[in-house]
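Engineer: Mind having a look at this structure? Questions to follow.
The values are calculated or read from the model by the stated rules, or taken from the named source; none is laboratory data. Fair warning: this is a prediction, and the values are worked out from it, not measured in the lab. Note that we place each Cβ from the backbone using ideal geometry, even for glycine, and neighbour counts take in every protein chain shown.
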Protein chains: 2
Amino acid sequence: MELVSQALAGDRLALARLLSLVENGGDGAQDAVAALYPHTGSAHIVGVTGAPGTGKSTLVNQLARAIRAADTTVGVVAVDPSSPFSGGALLGDRVRMRDLAGDAGVFIRSMASRGCLGGLARATGDAVKVLDAAGFDVILVETVGAGQAEVDIAQAAHTTIVIEAPGLGDEVQALKAGLLEIADVLVVNKADRLGAANAVRALEMVIDRSAPQPEEPSAWRPPILQTVALDGSGVPELLAAVAEHRAYLDASGKWDSWTLARVESELMDTLRQMSLDRVLSRVGPDQMADWVARVAAREVDVYAAAREIVGASR
Amino acid sequence: MELVSQALAGDRLALARLLSLVENGGDGAQDAVAALYPHTGSAHIVGVTGAPGTGKSTLVNQLARAIRAADTTVGVVAVDPSSPFSGGALLGDRVRMRDLAGDAGVFIRSMASRGCLGGLARATGDAVKVLDAAGFDVILVETVGAGQAEVDIAQAAHTTIVIEAPGLGDEVQALKAGLLEIADVLVVNKADRLGAANAVRALEMVIDRSAPQPEEPSAWRPPILQTVALDGSGVPELLAAVAEHRAYLDASGKWDSWTLARVESELMDTLRQMSLDRVLSRVGPDQMADWVARVAAREVDVYAAAREIVGASR
């Protein structure tokens, strides 16, 4: 596939077009993924997630700069619709991102307008594959981390950074509770603010409670780092923690088990959509409309209708 | 099905058990939904969604009280994991909910721990059906409204209330932008705070931009209400707006088109899962593990593997 060869050879326009192709799905996307898939598997995929107001986007920007300063390349996939990378912020701080523009070692892609949910996870996974095949060393996937979809996407990363900040409201605090479970690296951003030390202490207590058991002494204990994304304080230490987690994954064999789990999850999602498509192509729109009308009229319930359509018996 | 008969006859313990049964899914859930489905279709399903920090849960509580005061019954399904209804809040303001306890005209159900995403939407839809069949006049579905999943669940309501509040951060503001599109009724809560008038004006501008076109003079224009959930100010007006929207749905025929769209969406989701289950039962776990290993080794890509497993040709 010529587009794939061009993109893999470093043609940025081809890369952008290839990303659009795989994001749109369909046969074209499948052919492209088939062509680029053998080239994937080297990138370190890093999810960055946090509740609104934690300064996540600014930190992603700083991380990208630090990765570049270490002479490694970086792709950014912004899934958060409120991210300035996605152009979704009302008060555009996209300005901040300008210092990354024009650098061939950086590629930023927004997934803001990917429509339906299942589609978003698939499109994000395929966009990451494209950037992986194109040779980017690290791929940062930014998600807002509220809602199960974002958590799922964040978990589709080798390393998940969860960002907190002092002084957010109680509801935001509660939102974050679910995120702690998926964190490999914890960050208290805005660490120059009142309450940062308290936030770190609270996180330490949570981590201690779920600390490695004696029978599993080699397990990873998520470090808690403090950053001030606005001036870059603590960002080198954060990058070091991310590198340390990658070394841990390699040494423990978890890099490989991650790959298996990730492939299984993608295969299930693909099977789910493909088998539905097959059923729908057999039934046809008129017959489907009939079924919908009968269910709406309470003549039959949705499960019984689905069983008849699939031709399944229990 | 005896459990269904008991729950529909007003047995609260049976109702709780029936809710657990349908939430857990599987054959038992399908049998229960089949038995109760003919009794559904009367309840007014009202989604209540808003970004963290808007005071959403407190407002849901006040709305439930106001509905009871009007001598109608109310079910609450809390999907938000940070909701005090779900017991998920770190600082438990569950205390506030106690004034609803012990009233047979109220039933509160938390969906906090429903696991995977597709499962959550299905479980929520089925829980709403149970409360609908059990005769609750209004069913409030509370979601955090961040992330596509929550938006999808909020849209599975006849009437969607979107809650805003003055003085939240920019990122939270941006999050809310996507919610405006699905709002039937807009609420600026914490209306006693500085900035409430500005928030209302900002919302009015957004609404004006997407105002009904001349060729569609009968379209619904989302009203913007101001509330102070802590003391209940504005809650009667909010309830009146919800009733007005229901009258609009009835008069315009949109109640029926909503039902058709909802059934279609549920049927698709059910077909997707059922057709996957059929494929998996045919392939078996050993063969699936082989496929996963081959994809992980980059011998074949995920789409090609899925096509072979489904037995589909392109």
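Quick grid of which residues meet (1) surrounded by fewer than 24 Cβ atoms within 10 Å (Cβ to Cβ); (2) at pLDDT 90 or above; (3) in contact with a His (Cβ under 6 Å, 6 or more places away or on another chain):
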position: A:Ser86; (1), (2), (3): yes, no, no
position: A:Leu91; (1), (2), (3): yes, no, no
position: A:Asp99; (1), (2), (3): yes, no, no
position: A:Phe107; (1), (2), (3): yes, yes, no
position: A:Ser110; (1), (2), (3): yes, no, no
position: A:Cys116; (1), (2), (3): yes, no, no
position: A:Thr143; (1), (2), (3): no, no, no
position: A:Ala146; (1), (2), (3): no, no, no
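Engineer: Still on this structure, I have one more. Among the residues of region B:279-298, is any under 33 Å from the mean Cα position of the chain (by Cα) and among the acidic types (Asp, Glu)?
Structural biologist: no
Engineer: Which one of the conditions (1) more than 20 Å from the chain's Cα centre (by Cα); (2) acidic (Asp, Glu); (3) within 14 Å of chain B (Cβ to nearest Cβ) does A:Glu204 fail to meet, given that it meets all the rest?
Structural biologist: Evaluating A:Glu204 over (1) more than 20 Å from the chain's Cα centre (by Cα); (2) acidic (Asp, Glu); (3) within 14 Å of chain B (Cβ to nearest Cβ) leaves (3) as the failure.
Engineer: Condition check: closer than 28 Å to A:Glu299 by Cβ, within 20 Å of the chain's Cα centre (by Cα) and modelled with pLDDT under 95. Does B:Met268 satisfy that?
Structural biologist: In short, yes.
Engineer: Considering only residues that are modelled with pLDDT under 95 and of a type in the set (Gly, Ala, Ser), which ones fall in region A:216-248?
Structural biologist: A:Ser218, A:Ala219, A:Ala229, A:Gly232
Engineer: Hey, among the residues in region B:262-299 that are within 8 Å of chain A (Cβ to nearest Cβ) and of a type in the set (Val, Ile, Thr), which one's surrounded by the most Cβ atoms within 10 Å (Cβ to Cβ)?
Structural biologist: Going through the qualifying residues, I end up with B:Val295.
Engineer: Okay, next question. Would you confirm, using the coordinates I've provided, whether A:Leu249 is more than 14 Å from every other protein chain (Cβ to nearest Cβ) and in contact with a Leu (Cβ under 8 Å, 6 or more places away or on another chain)?
Structural biologist: Answer is no for this residue.
Engineer: Filtering region A:223-261 down to residues that are in contact (Cβ under 8 Å) with a residue 24 or more places away in the chain and at positive phi, which residue is surrounded by the fewest Cβ atoms within 10 Å (Cβ to Cβ)?
Structural biologist: Filtering region A:223-261 for residues that are in contact (Cβ under 8 Å) with a residue 24 or more places away in the chain and at positive phi, the one surrounded by the fewest Cβ atoms within 10 Å (Cβ to Cβ) comes out as A:Gly232.
Engineer: (1) in contact with a helix residue (DSSP H, G or I) (Cβ under 9 Å, 6 or more places away or on another chain); (2) outside any helix (DSSP H, G or I): which one isn't true of B:Gly10, the others all being true?
Structural biologist: (1)
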